[in-house]
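The structure appears right after this line, and notes come after that.
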2 protein chains.
Amino acid sequence: MLVLITYDVNTETDAGKRRLRHVAKQCVNYGQRVQNSVFECNMDAAKCREVKAILEGIIDKDVDSLRFYYLGNNYKNKVEHVGAKPGFDVMGTLIL
Amino acid sequence: MLVLITYDVNTETDAGKRRLRHVAKQCVNYGQRVQNSVFECNMDAAKCREVKAILEGIIDKDVDSLRFYYLGNNYKNKVEHVGAKPGFDVMGTLIL
């Protein structure tokens with residue numbers, strides 16, 4: 001199933017910047033970065049529980065936010081893109 | 001139907017910063033800001049075409065990106081949230 005993971009990490013502190021890097025680094029193990037803070041992950045329920053547990057362990061729940069959107073197996077016509085294609089490398093760094 | 005709108009706007013230039021503000025300002029007319037660059041919009045197909053046309057007119061398609069995810073009418077169990085709730089006011093400004 002396709003699971004969309006979106007996140008907002010508060011980067012006002014160095015610790016926040018580290019959390020942001022860690023969240024991105026973990027997400028690339030599970031899916032495709034499509035925008036800066038948006039990953040599309042094609043995975044089963046077990047993998048989904050795994051990545052959720054990992055991300056919940058990284059974020060600061062008082063200031064950071066994670067959202068998961070479950071798009072099911074027939075997701076091809078549920079996603080539309082306009083504009084620039086993502087230029088992110090596999091390590092999650094933005095290629096400018 | 002619930003439509004998720006996510007965007008990445010390249011803010012390296014002042015024009016980019018303006019585009020980002022304009023995109024956010026338009027999105028708040030159509031839905032609920034749930035993260036910095038993520039809006040959930042409960043709207044019909046006509047409204048959806050309307051906001052898409054507006055946003056496509058604002059972004060620079062060479063450097064900015066828009067994505068639309070169509071979550072249908074039964075979306076309550078398709079969305080999960082972890083961590084901080086969004087603190088955005090209705091004009092799309094982040095309340096810290």
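The values are calculated or read from the model by the stated rules, or taken from the named source; none is laboratory data. This structure is a prediction, so every number in the text was calculated from the model and none was measured. Please note: Cβ atoms are built from the backbone with ideal geometry, for glycine as well, and neighbour counts cover all protein chains shown. We work out accessible area using only protein heavy atoms, side chains counted, and drop any ligands, DNA or RNA first. Shrake-Rupley method; radii C 1.70, N 1.55, O 1.52, S 1.80 Å.
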What are the label-to-label distances in nm, one decimal and shortest first, from B:Asn42 to the same spot in the other copies, with labels 7 Å along Cα to Cβ?
-> 3.2
With B:Asn73 itself left out, Lys, Arg at +1 and Asp, Glu at -1 over residues whose Cβ is under 15 Å from its Cβ give +2
In nm, what does the list of distances from A:Lys76 to its counterparts in the other copies look like, shortest first, when each label sits 7 Å along Cα to Cβ?
-> 3.2
Tell me, how many Å apart are the Cα centres for region A:1-69 and for region B:1-61?
-> 22 Å
Kindly state, to the nearest 0.05, the FRET efficiency for A:Met43 paired with B:Val79, given R0 = 25 Å and r defined as their beta-carbon distance.
-> 0.90
Mean residue ellipticity (222 nm) of chain A, computed from DSSP H runs ≥ 4 via -39,500 (n - 2.57), nearest 500 | -9500 deg cm²/dmol
Taking a label point 7 Å out from Cα toward Cβ, give me the nm distances from A:His22 to the same spot in the other copies, shortest first, one decimal.
-> 3.9
Exceeding the 25 Å Cα-Cα cut-off - candidates A:Lys17/B:Lys76; A:Lys85/B:Lys76; A:Lys52/B:Lys52; A:Lys25/A:Lys47; A:Lys52/B:Lys47 | A:Lys17/B:Lys76; A:Lys85/B:Lys76; A:Lys52/B:Lys52; A:Lys52/B:Lys47
How would you classify chain B from its alpha-carbon gyration tensor, with a ≥ b ≥ c the square roots of the eigenvalues: rounded for a/c under 1.5, else prolate if a/b is greater than b/c, otherwise oblate?
-> oblate
Check each residue of region A:49-73 and keep those whose accessible area, probe 1.4 Å, is at least 40 Å² smaller with all protein chains in place than in the chain alone; give them in order of residue number.
-> A:Ser65, A:Arg67, A:Phe68, A:Tyr69, A:Tyr70
Lys and Arg at +1, Asp and Glu at -1: neighbours of B:Met43 with Cβ under 11 Å from its Cβ sum to 0
